Amino acid sequence: MLSAEGRWEIGLSPYKEGIRLRMGLSGRPPSVMDFCLGINPGLLSPALLAALHVLAAVPEGAEAQEIDRQFPWAGTRPDLARHLNALLEMAGDSYRCS
């Protein structure tokens with residue numbers, strides 16, 4: 001998916017260990033987010049929707065570091081075991097996995 005003005009791209013990408021939630025400048029490798037969600041298909045929609053919820057308040061012209069600061073893994077690599085629940089909590093109860 002592209003941001004409103006097409007500057008940013010976010011989506012789910014297959015990978016050898018499962019699916020990744022990735023984000024970066026359009027047409028470029030992910031520079032903001034590369035979050036391995038593993039192989040559980042039940043995590044995909046909640047994680048993507050939660051990330052979009054967080055990003056809704058971020059201006060289109062924001063830099064990668066500014067976007068990264070909005071997420072629970074700010075300054076580090078996203079880790080499924082440590083950061084998924086924090087991401088889902090940021091977006092509210094409707095995004096939680098059961």
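The values are calculated or read from the model by the stated rules, or taken from the named source; none is laboratory data. This is a predicted model, so every value here is computed, not measured. We place every Cβ from the backbone using ideal geometry, glycine too, and count neighbours over all the protein chains shown.
So, of the residues in the range 55-73 that are in contact with a Leu (Cβ under 9 Å, 6 or more places away or on another chain) and assigned to a helix (DSSP H, G or I), which turns out to be surrounded by the most Cβ atoms within 10 Å (Cβ to Cβ)? Among residues in the range 55-73 that are in contact with a Leu (Cβ under 9 Å, 6 or more places away or on another chain) and assigned to a helix (DSSP H, G or I), the one surrounded by the most Cβ atoms within 10 Å (Cβ to Cβ) is Ile67.
Listed here are the residues, each with its yes/no results for (1) of a type in the set (Val, Ile, Thr); (2) under 12 Å from the mean Cα position of the chain (by Cα); (3) modelled with pLDDT of 95 or more.
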position	(1), (2), (3)
Ala51	no, yes, yes
Ala57	no, no, no
Glu66	no, no, yes
Thr76	yes, no, no
Glu89	no, no, no
Ser94	no, no, no
Ser98	no, no, no
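For the range 25-54, the set of residues classified as of a type in the set (Gly, Ala, Ser) and either out of contact with any Phe, Trp or Tyr (no Cβ under 7 Å at 6 or more places or on another chain) or crowded, with 18+ Cβ neighbours inside 10 Å (or both) consists of Gly27, Ser31, Gly38, Gly42, Ser45, Ala47, Ala50, Ala51, listed by residue number. Scanning the range 74-95 for residues that are free of Cβ contacts under 8 Å to residues at least 24 places away in the same chain and in a loop (DSSP other than H, G, I, E, B) turns up Ala74, Gly75, Thr76, Asp79. Pairs are defined by a Cβ separation below 8 Å, a sequence spacing of at least 6 or placement on different chains, a first member in the range 35-48 that is farther than 20 Å from Gly92 by Cα, and a second member that is among the acidic types (Asp, Glu); the pairs so defined are Cys36/Glu17; Gly38/Glu17; Ile39/Glu17.
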